[in-house]
1. Rounded, prolate or oblate: pick one for the chain, where a ≥ b ≥ c are the square roots of the eigenvalues of its C-alpha gyration tensor, a/c under 1.5 means rounded, and failing that, prolate if a/b is larger than b/c, else oblate.
2. Pop out the ³J(HN,Hα) list for the stretch 109-123 in order, Karplus 6.51 cos²θ - 1.76 cosθ + 1.60 with θ = phi - 60°, rounded to Hz; leave Gly and Pro as x.
3. Compare Gly75, Gly56, Gly126 in a GNM of the chain, Cα atoms joined below 10 Å, and give the one with the largest fluctuation.
4. To the nearest 20 debye, what charge dipole does the stretch 27-144 have about its Cα centre, counting +1 at the Cβ of each Lys and Arg and -1 at the Cβ of each Asp and Glu?
5. Using modelled amide H (1.01 Å from N, peptide plane; none on Pro or chain starts), what sits under 5 Å from the amide H of Phe84, excluding residues fewer than 5 places away?
6. Given labels modelled 7 Å from the Cα in the Cβ direction, how far is it in nm from Val116 to Ala60?
Amino acid sequence: MARVPVAEGIFTWPSDQPRLIGSRCTACRIVTFPAQDACPRCASTEMAEHMLSGQGRLWAWTTQEFPPPSPPYAGPTGDAFVPFGVGYVELGNEVRIETRLTETEGLRIGMDMELVLVPFRTDETGNEVVTFAFRPIGGADGGR
Ligand SMILES: [Zn+2]
């Protein structure tokens, strides 16, 4: 069984220390994720590839209790679905990204988070599809 990324150009792959691939406007310096061809703020098309920090702080979160609409969602459904955390993580004071979280409990706004790659689903040919997520550094808070 091979491991394959959920999409090309989202994170560095393969890599022992994965990083998310964003873009930065060379005119106004705003950072976006995923990478974009045109700046959402000043409309410049001079966007440069920009590696995002692998660590950040949790800004907001919730729990996805049921399978999201498909498409675009392509993960497990029905009895195979397991609720997962989703949230926004602020990376390096540059950008807030929407991301899957490894935990659904013990999360706290402002806690330190780090990027990890996690199994997402098995594709038609038996490959393990991996996607990115953030987990609390040092684990989730206990008893909350
Ligand atoms: Zn710009």
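Just so you know, all these numbers are worked out from the coordinates, no wet-lab data involved. Computed from a predicted model, the values in this text were never measured in an experiment. Glycine also receives a Cβ, built like all others from the backbone with ideal geometry; neighbour counts cover every protein chain displayed.
1. oblate
2. 4, x, 6, 6, 10, 9, 6, 9, 9, 10, x, 10, 6, 10, 7
3. Per the Cα network of the chain with a 10 Å cutoff, Gly126 tops the list.
4. 360
5. Gln64
6. Going by the 7 Å Cα→Cβ label model, 2.5 nm.
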